[in-house]
Amino acid sequence: MKPRIAIFLNHPECSAQCAVGMYEALSSEFIVDMFHTDQIKNNIFKKADIVAFPGGIGDSDTFFKYLTPHADIVREAVYYGKRYLGICMGAYWAAHRYFDIVEGFDAVQYIKRPNSGIRRSFGTTVPVTWNDKKVDMYFYDGCALVGNEKKFEVVARYKNNDPMAVIQDNIGLIGCHPESMRSWYDRKSMKDRWHKYHHHKLLLDFTKKLLNNI
């Protein structure tokens, strides 16, 4: 039987577009369920192997509005072995001010990091090195994962060498958007940057690696 992944949908913070992109990238090898805030208390994670929080548009502090009452349920699920997959907003939420499930590092705004090469929040692509291969990946105010690199495995880095995608035990975090879809590249300046689903394969491989980690 295929493993099961539960994806949080709370548009626009964890947006429908990001959730659908994750579905398209992962559904060939995972059973994909979507869940909302009011389903967390109903043991939605019982059958899931991975709990996923995608990205979207908004302030990461919306966590306190939507998820503070349910945060302990998520923490407990991760503590007892459920995998956590966070992309962009979901990666921020794994850090200390929010779910507080990672150790020895933090998720910080890449646009504020030294030598980031991008200083404002808008949809674009940034150069990253993913498993030693250089790609331009969709980016919208994503995080860098900064701290003690002995505490986690780096899968991808930004151009300034900050970790962009990491795995720590049963937690996998990605600052960019490998789930990005064709429609995200409709602007004239973006059309030639479309990855032709190659980044979906990177996300699938990352998720499978996370599932099999430990």
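Quick one: 3J(HN,Hα) in Hz for the stretch 200-212, Karplus 6.51/-1.76/1.60 with θ = phi - 60°, rounded, Gly and Pro as x.
Once θ is set to phi - 60°, the couplings for the stretch 200-212 become 4, 5, 4, 5, 4, 4, 4, 5, 5, 5, 4, 4, 8 Hz.
Whole-Hz Karplus ³J(HN,Hα) for the stretch 91-105, in order, using 6.51 cos²θ - 1.76 cosθ + 1.60 and θ = phi - 60°, x for Gly and Pro?
Ordered by residue, 3J(HN,Hα) equals 6, 4, 5, 6, 7, 5, 6, 10, 5, 6, 10, 9, 10, x, 7 Hz.
In whole Hz, what ³J(HN,Hα) sequence does the stretch 6-22 give by Karplus (6.51, -1.76, 1.60; θ = phi - 60°), x for Gly and Pro?
9, 10, 6, 10, 8, 5, x, 5, 10, 7, 4, 4, 5, 5, 5, x, 5
Strictly over 31 Å apart at the Cα level, which of 41/150; 2/196; 41/196; 47/151 would you flag in this model?
Values: 41/150 35 Å; 2/196 25 Å; 41/196 38 Å; 47/151 29 Å.
Violating the 31 Å Cα-Cα cut-off are 41/150; 41/196.
Show the residues, 5+ positions off or on another chain, whose built amide H is closer than 5 Å to the amide H of residue 155.
165, 166, 167
Among bridges DSSP assigns within the chain, what percent are antiparallel (round to 5)? List each step's numbers first, then the result.
Numbers: 24 of 40 bridges.
Just about 60 percent of them are antiparallel.
Contact order normalised by length for the chain, with contacts defined as Cα pairs under 8 Å and 6 or more residues apart; what percent is it?
Numbers: 426 pairs, mean separation 39.3, N = 214.
About 18 percent, as a whole number.
Once amide H atoms are built 1.01 Å from N in the peptide plane, which residues 5 or more positions from residue 4, or in another chain, come under 5 Å H to H?
Amide H to amide H, under 5 Å and 5 or more residues apart or across chains, residue 4 pairs with 31, 49, 50.
Tell me, Kirkwood radius of the stretch 4-212 from alpha-carbon pair distances, in Å? Present the calculation step by step, with values, prior to reporting the outcome.
Details: mean 1/r = 0.0596 Å⁻¹.
By the Kirkwood definition, the hydrodynamic radius is 16.8 Å.
So who's got an amide H within less than 5 Å of the one on residue 35, skipping anything under 5 residues away but keeping other chains? H placed 1.01 Å off N, in plane.
Those lying under 5 Å, H to H, from residue 35 are 7, 8, 9.
Bear in mind these aren't lab numbers, they're just calculated from the coordinates by the rules spelled out. The structure presented is a predicted model; accordingly, all values stated were derived computationally and were not measured.
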